[in-house]
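None of the figures in this text is laboratory data; all of them are computed from the coordinates on show. Being a predicted model, the structure only gives us computed values, none of them experimental. As a convention, Cβ positions derive from the backbone with ideal geometry for all residues, glycine included, and neighbour counts pool all protein chains shown.
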């Protein structure tokens, strides 16, 4: 593997984010990217080195002689298998503007905001950020359609409203620019979407010197993988209702003719990882503007301590201000249990989607995605098995049945009301701990096993 070497001393040379030049860490030589590119072209001195993790199958492209020993996708300290490969040239690259030190500060600030996060997540020795250029497909689309629909206009005359209905027919010719999806299976779609606040207008023509000192994910998702999603998003917009000159134009079912073009652009990401047991937590920081997406679990004992304090304060306030009768207390406990049930069911559904990768189009493929997903203009909805829903709801159902039985019995005995309320509160506390468990599953991931994915770190 021939590396990026200093033309003066032969030492390692890197792209300096702050100075925007090529800088040698040994002799201090600084030259412009253009000068260094010309030097490389004259000497034919670069190629991509693929580093494959033997533990999870992830791989990263390196453009220098760095020997990686720590996988940034599974967190394992390993000796990477190495292959020299040729990779397709991207259409553009957005250079790093956020340094590693700045990325660390941004993440530290995010951790301070998460007051009930676990202490092990704050240990610096357990993490290291890696600068990786992540590939995204940037799609532009043009949709044309002949639309036949209806519309109505509401005209107010004092206390009377007149509604006029119209048959409407018109042509649509719309363009959609900049729809993006990541091209790396190893980079979870939920994470890539959260960190994707890049400004594509700042993309530069691809120049390999921008990659000096960083890794790059070559991408192993085909461009065609997202075309169906783009077509569905465009069709959803064309067929949506809108208002025109006071007329409410109703949604329609036109099938637009859609032309789609795509280009592959590398975007900068600082990727960090925490490994705890058989789970990992990712932190991704946008290398252009510092936007952070971090998976931060909840420390259940911190949560319990805060909950007890809040509950005690509320109990004192309620007792001072109100006289709560047994029947009202039972209603309140049932309401609390219902809120926990609704929230727990939502979280359990989200965990099912995450653990089965149903929201990761690049990983599972378009066919399987559409088999479980519906909607899509603003948010996808996934089909959740009944067993998953019941497991989340059974405690709430049990408590509400007891509540209905006591209320419906017509009893005036306080003991029955207090007994039902005590059961509901106990079930609500149980649901609260289940909720923490579900949240922590959403804030971490199984250690990944890939057949061919990209990632790496140079220091263990």
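Annotations for the structure displayed:
- Radius of gyration and maximum dimension Dmax of the chain, Cα, Å: 28.1, 94
- Computed from Cα atoms, the angle from the helix 227-238 axis to the main principal axis of the chain rounds to 50 degrees.
- Global size of the range 289-400: 19.7, 59 Å for Rg and Dmax (C-alpha atoms, Rg to one decimal, Dmax whole).
- In degrees, nearest ten, helix 386-409 long axis to first principal axis of the chain (Cα): 20
- With the simple model of a label 7 Å out from the Cα in the direction of the Cβ, residue 433 to residue 231 spans 5.1 nm.
- Zone residues, the range 148-192, relative to residue 250, backbone N less than 12 Å from point 7 Å out along Cα-to-Cβ: 149-153, 165-168
- Among 173-181, 309-317, sorting by the average number of other beta carbon atoms lying within 10 angstrom of each residue, highest first, gives 173-181, 309-317.
- With contacts taken as Cα pairs under 8 Å at a separation of at least 6 residues, the chain carries a relative contact order of 22 percent.
- Neighbour counting of Cβ atoms within 10 Å sorts the residues 136, 107, fewest neighbours leading, into 107, 136.
- C-alpha long axis of helix 414-442 to longest principal axis of the chain, angle in °: 10
- Here the label points at residue 383 and residue 291, each 7 Å from Cα along the C-beta direction, are separated by 3.3 nm in the simple model.
- Value of relative contact order over the range 149-290, rounded to a whole percent, pairs C-alpha under 8 Å and six or more apart: 24
- The packing ranking, built from the mean of other Cβ atoms within 10 Å per residue, places the peptides 297-304, 239-246 in the order 297-304, 239-246, highest first.
- Peptides ranked, highest mean first, by Cβ atoms within 10 Å: ranges 13-20, 137-144: 137-144, 13-20
- The overall shape of the range 335-377 is prolate: from the C-alpha gyration tensor, with semi-axes ordered a ≥ b ≥ c, the ratio a/c is 1.5 or greater and a/b exceeds b/c.
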